[in-house]
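Input: a single structure, listed below in structure tokens.
The values are calculated or read from the model by the stated rules, or taken from the named source; none is laboratory data. This structure is a prediction, so every number in the text was calculated from the model and none was measured. Cβ sites come from the backbone with ideal geometry, for glycine too, and all protein chains shown count toward neighbours.
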Amino acid sequence: MYRMLDAREIIDTLARLEQRIAERFPRAGLVRVCAELTETARRTHDRSTEIGRPNLWLRALVALVLAFGAALLAFVAVRLWTHTRTSDDLFNTLQGIDAGFNILALMGGSLFFLVTIEERMKRRRALKALHELRSIIHVIDMHQLTKDPSAEPALNPPTASSPKRTFSQAELVRYLDYCSEMLSLAAKVAVLYAQSFPDAVVTEAVNDLERTSSSLSQKIWQKINIIERALEKAPAATA
């Protein structure tokens, strides 16, 4: 049970995080972003489960088409063999052999298309869902973008276009920490797709999303470190 991510645990963690944000910052837009991420996690649980489940109807249809193609190919092979045995015309025989090879090439391409159609359909669905998660990650980043810990009103008076800074340093640390948690959980939600559908393209897309999330989270923690150092120096300055 500790070798795979549990989607329900991720959803519960996000729901608790949403509640924590709402209790501390009830008017912040980050609450609605976390609610959207929680709902996306719920949809991801259903989608990833469905993507990982074999499509029996599609497989039956593909098997039927393949059986028909095999029967058609056998019919053509028999006719070609009969023609080459009864015909003395070398040119017509070579034409028949060339046509047979063309049919084989066409059947091979069709076979590859049909065998991989289920995989490609699942891959397309997973990549579309991962794009949705990527957009949410960048929305989270936008919410922490203006939270500048180095802005000192005494040294840099705000202008008319400056963003409002209503948080204390301690509140700012909590806000940024919530953003970092959301980024980490969004990456874990993305892993659910690679976990249920271990496709190389999907796995690489998940890894790329995790790298993006980690990079944005690292920027947030740099801000948190700046604030914490400032809080450590504050008592010494007042003493």
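Out of 110, 48, 87, I need the residue that is at pLDDT 75 or above and either among the small types (Gly, Ala, Ser) or on the phi > 0 side of the Ramachandran plot (or both). Which one?
48
Give the residues of the range 167-209 that are assigned to a loop (DSSP other than H, G, I, E, B) and either touching a residue at least 40 places away in the same chain (Cβ under 8 Å) or not hydrophobic (A, V, I, L, M, F, W, C) (or both), sorted by residue number.
The answer is 168, 197, 198, 199.
Quick check: is even one residue across the range 177-198 among the hydroxyl-bearing types (Ser, Thr, Tyr), closer than 12 Å to residue 220 by Cα, surrounded by 16 or more Cβ atoms within 10 Å (Cβ to Cβ) and at pLDDT 90 or above?
yes
Is it the case that some residue within the range 211-218 is among the small types (Gly, Ala, Ser) and surrounded by fewer than 20 Cβ atoms within 10 Å (Cβ to Cβ)?
yes
Look at residue 37 and say whether it is assigned by TED's automatic domain parsing to the domain that holds residue 144, closer than 11 Å to residue 185 by Cα and assigned to a helix (DSSP H, G or I).
Answer is yes for this residue.
Could you check residue 97 against (1) at pLDDT 80 or above; (2) of a type in the set (Val, Ile, Thr); (3) more than 18 Å from the chain's Cα centre (by Cα) and say which number it fails?
Of everything listed in (1) at pLDDT 80 or above; (2) of a type in the set (Val, Ile, Thr); (3) more than 18 Å from the chain's Cα centre (by Cα), residue 97 misses just condition (1).
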